[in-house]
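Participant: This is the structure I want to talk about, given as structure tokens.
The values are calculated or read from the model by the stated rules, or taken from the named source; none is laboratory data. Model, not experiment: these values are computed from the prediction. Cβ placement follows ideal geometry from the backbone for every residue including glycine, while neighbour counts extend to all protein chains displayed.
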Amino acid sequence: MANDEQYSQETQDSKLMIDHDYDGIKELDNPPPPWLMYIFYASIIWSVFYVFYYHVYDGPTQIDEYNTEMAEAEAQRPVNTFDENNIALLTDEASMAEGLKLYGSKACDACHSASNIGPDLTDNFWINGGSIADVFKIIKYGKAEKGMTPFQSQMTDEQINQVSSYILVKMKGASTANTKGPEGDEI
Ligand code: HEC
């Protein structure tokens, strides 16, 4: 049995044997398996359609697709219904709760409390003005040269309004760990 198998293997090998000899090393002409060849042929056929679609008939390039997706995303972006010119102070409890949450989650207190990096936000003294529009603006656009981060990419205008209102309604007059003392003008 083992001999038969060996025999049939040898006859098969001799059929595949390529007609040359490298210092006694012989090579068989083993064809790749059919499934691999099918994938190969399919990709050649595919490439013909591909070339015609994208290079002859001007199918969308990656840049075109990117631009289309950006335009779609832009269209979905919520339109701001207010900005610093027509903003109004919020006082409802839901906004106050959101404001408090944002004040913690955006790490405002890292600079505005015990570390004394930023000014005290609980007194009546304001460097950049103490109206809701002023507070909104400094949080939205920041003041990089003084170390105040612009938050416009991290919060929506609505969220900035909530945290600004929270500062003016709830924090002003409350006690704080900030011991920098008054900075700016009393308002
Ligand atoms: C990296 C430190 C840092 C972080 C974080 C930070 N601030 Fe400030 N902030 C400052 C500094 C410094 C100033 C002072 C800017 C100046 O001199 O005008 C400032 C100024 C302000 C002012 C104006 C104060 C005034 O007297 O005019 C407000 C309001 C304020 N920050 C709110 C926030 C809020 C809200 C957050 C979180 C969303 C925040 N800040 C996060 C450093 C920081």
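Participant: Identify all residues within the stretch 136-184 that are on the phi > 0 side of the Ramachandran plot and more than 7 Å from the ligand (Cβ to nearest atom); write none if there are none. Before the answer, list the steps.
Facilitator: The first filter runs over the stretch 136-184 and keeps only residues on the phi > 0 side of the Ramachandran plot, leaving 142, 147, 173, 181, 184.
Scanning the stretch 136-184 gives G142, G173, G181.
Participant: Small (G, A, S), assigned to a loop (DSSP other than H, G, I, E, B) and away from the ligand (no atom under 16 Å from the Cβ): which single residue out of G118, G59, G129 fits that description?
Facilitator: On the way: G118 fails: away from the ligand (no atom under 16 Å from the Cβ); G129 fails: away from the ligand (no atom under 16 Å from the Cβ).
G59 is the lone residue from the list that is small (G, A, S), assigned to a loop (DSSP other than H, G, I, E, B) and away from the ligand (no atom under 16 Å from the Cβ).
Participant: Something else now. Quick check on this structure: which one of M96, M70 is of a type in the set (A, V, I, L, M), under 24 Å from Q152 (Cβ atoms) and away from the ligand (no atom under 16 Å from the Cβ)? Before you say what the answer is, go through the steps one by one.
Facilitator: On the way: M96 fails: away from the ligand (no atom under 16 Å from the Cβ).
One residue alone meets the criteria, M70.
Participant: Given G184, G129, G173, which one is over 30 Å from R77 (Cα atoms), touching a strand residue (DSSP E or B) at 6+ places or on another chain (Cβ under 6 Å) and surrounded by fewer than 17 Cβ atoms within 10 Å (Cβ to Cβ)? So that I can check it myself, show each step before the final result.
Facilitator: Numbers: G129 fails: touching a strand residue (DSSP E or B) at 6+ places or on another chain (Cβ under 6 Å); G173 fails: touching a strand residue (DSSP E or B) at 6+ places or on another chain (Cβ under 6 Å).
Step by step, each of G184, G129, G173 is checked, and only G184 is over 30 Å from R77 (Cα atoms), touching a strand residue (DSSP E or B) at 6+ places or on another chain (Cβ under 6 Å) and surrounded by fewer than 17 Cβ atoms within 10 Å (Cβ to Cβ).
Participant: Right, here's the next one. Take the residues in the stretch 98-126 that are aliphatic (A, V, I, L, M) and closer than 17 Å to K172 by Cβ, then tell me which one is modelled with the lowest pLDDT.
Facilitator: Going through the stretch 98-126, the residues aliphatic (A, V, I, L, M) turn out to be 100, 102, 107, 110, 114, 117, 121.
Now restrict to residues that are closer than 17 Å to K172 by Cβ: 100, 102, 121.
Working: L100: 93, L102: 95, L121: 89.
Here the answer is L121.
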